[in-house]
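Structure first, then comments.
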Amino acid sequence: MILAIETSCDDTCAAVVEPDGRRALSNVVHTQTEHGRYGGVVPEVASRAHLERIDGVIERSLTDAGVGLEAVDHVAVTVRPGLIGALLVGVAAAKGIAYARSLPLVPVNHLEGHVAAAYLAEPDLEPPFVALIASGGHTALYSVDREHHMHLLGETLDDAAGEALDKGARMLGLGFPGGPALQMAAQSGDRNRYEFPIALKARDNLDFSFSGLKTSLLYRLKELGEERTREELQHLAASYEAAVVEALVRKLLRAAEIGESPAIVVAGGVAANALLRRTLEEESSRLGTKLVIPPPDLCTDNAAMIGAAAPHTPAVAYPHYLSLNARSV
Ligand code: KG4
Ligand code: ZN
């Protein structure tokens, strides 16, 4: 079994995953609530909260899976990218367990983890495919080749999609994290009421940009004033959410078309978005392309996805990982 640990941002996570990385026996996520009042993740607060929780979360992942540490033959951990202090808590815990039991350690890239969530959702899935990762920290398009290597096709030039949703939600007074709050407010809103810009529309461009969208919302709110903004809240939320979703869908479909990709994978926290899921389901069935979007609990940060990436990641043999470091980028 693979014991996987993930602490790159504000979720303290541990999971037990089968050796082929295609099924999780447990997947424990403790989401830190300490950041709510700051309207964003505070790195130092995150590190301390990970430290307090990590042992309990790992223990629960073993209990939930119904196995003891003796069943574990690999320890996988997120080593990059992420908040450095937060990453280090997970890396230190993983090293400790691996070293104590003379096990190999698998240093996993968080982004490869997000993509590998697709193998848990669809155990028969094999590359090649194109993958969109859209989270609070990242928005990027990759082609994944038969050897599971990821090739960057395009990425955001400024804010991540989730960041754009979070900032938009904050401007609308909807709270944090903004994605789910915005989605809720948008439910009864009219997506076509307000027009927000979609950046980098050129067909051969696979990069994203969300800073103009954010500015455009800011100006719109100034124009409307406080009272009208309150009255129009659902419509503003719906139109803003729709603009983020359209930007993502447009580039993803274009990437699939250019690479003649037989399958599309979407991962990262924003993949939990209902409008994005619905739009891609319609578009992919129209194009006859296979679509894999993991269920929401595998899209947001979790350790099962890190375990799923482990079989495709070179392991470091005992005890050569003691000097292994985490990296923020
Ligand atoms: O992957 P993730 O859990 O953490 C990072 O690595 O960033 O992604 C978090 C992001 C946040 O920006 C959050 O607002 C967004 O995912 N998110 C959503 C939804 N659920 C989470 N965005 C849109 N719709 C959702 N339902
Ligand atoms: Zn993430």
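Entry remark, region 282-325: residues being more than 16 Å from ligand 2 (Cβ to nearest atom), under 19 Å from the mean Cα position of the chain (by Cα) and free of Cβ contacts under 8 Å to residues at least 40 places away in the same chain number 1 in total.
Cβ-Cβ distances below 7 Å connect no pair with a first residue in region 30-41 that is assigned by TED's automatic domain parsing to the domain that holds L165, a second residue that is in a loop (DSSP other than H, G, I, E, B) and surrounded by 14 or more Cβ atoms within 10 Å (Cβ to Cβ), and a separation of six or more residues or different chains.
What are the residues in region 92-120 that are in contact (Cβ under 8 Å) with a residue 60 or more places away in the chain, within 16 Å of ligand 2 (Cβ to nearest atom) and in a helix (DSSP H, G or I), if any?
Filtering region 92-120 down to residues in contact (Cβ under 8 Å) with a residue 60 or more places away in the chain leaves 93-95, 97-99, 102-110, 112-120.
So of that shortlist, the ones also within 16 Å of ligand 2 (Cβ to nearest atom) come out as 108-110, 112-118, 120.
Those that are in contact (Cβ under 8 Å) with a residue 60 or more places away in the chain, within 16 Å of ligand 2 (Cβ to nearest atom) and in a helix (DSSP H, G or I): H110, E112, G113, H114, V115, A116, A117, A118, L120.
Confirm whether L217 is away from ligand 2 (no atom under 16 Å from the Cβ) and of a type outside the set (D, E). Yes; evaluated as a whole, the condition is true for this residue.
Going through (1) in contact (Cβ under 8 Å) with a residue 24 or more places away in the chain; (2) within 26 Å of A118 (Cα to Cα) one by one, E59 falls short only on (1).
Of all residues in region 241-279, those satisfying the criterion of being part of a helix (DSSP H, G or I), within 13 Å of ligand 1 (Cβ to nearest atom) and farther than 21 Å from S211 by Cβ are A271, A272, A274, L275, R277, R278, T279. Filtered by the rule that a residue be surrounded by fewer than 18 Cβ atoms within 10 Å (Cβ to Cβ), more than 16 Å from ligand 2 (Cβ to nearest atom) and either of a type in the set (K, R) or farther than 17 Å from V77 by Cα (or both), region 23-57 gives R23, T33, E34, G36, R37, Y38, G39, V42, E44, V45, R48, E52.
Within region 48-60, is there a residue that is closer than 25 Å to A140 by Cα and within 16 Å of ligand 1 (Cβ to nearest atom)?
Our first condition is that a residue be closer than 25 Å to A140 by Cα; within region 48-60, this holds for none.
Within region 48-60, none of the residues are closer than 25 Å to A140 by Cα and within 16 Å of ligand 1 (Cβ to nearest atom).
When residues in region 161-176 are screened for being part of a loop (DSSP other than H, G, I, E, B) and either without any contact (Cβ under 8 Å) to a residue 60 or more places away in the chain or more than 9 Å from ligand 1 (Cβ to nearest atom) (or both), 4 of them pass. When region 228-273 is filtered for residues that are within 24 Å of D204 (Cβ to Cβ), out of contact with any strand residue (DSSP E or B) (no Cβ under 7 Å at 6 or more places or on another chain) and of a type in the set (D, E, K, R), the ones remaining, listed by number, are E246, R250, R254, E257, E260.
The values are calculated or read from the model by the stated rules, or taken from the named source; none is laboratory data. Quick caveat, the model's predicted, so the values are computed rather than measured. Reconstructed Cβ throughout: ideal geometry from the backbone, glycine too, with neighbour counts over all protein chains shown.
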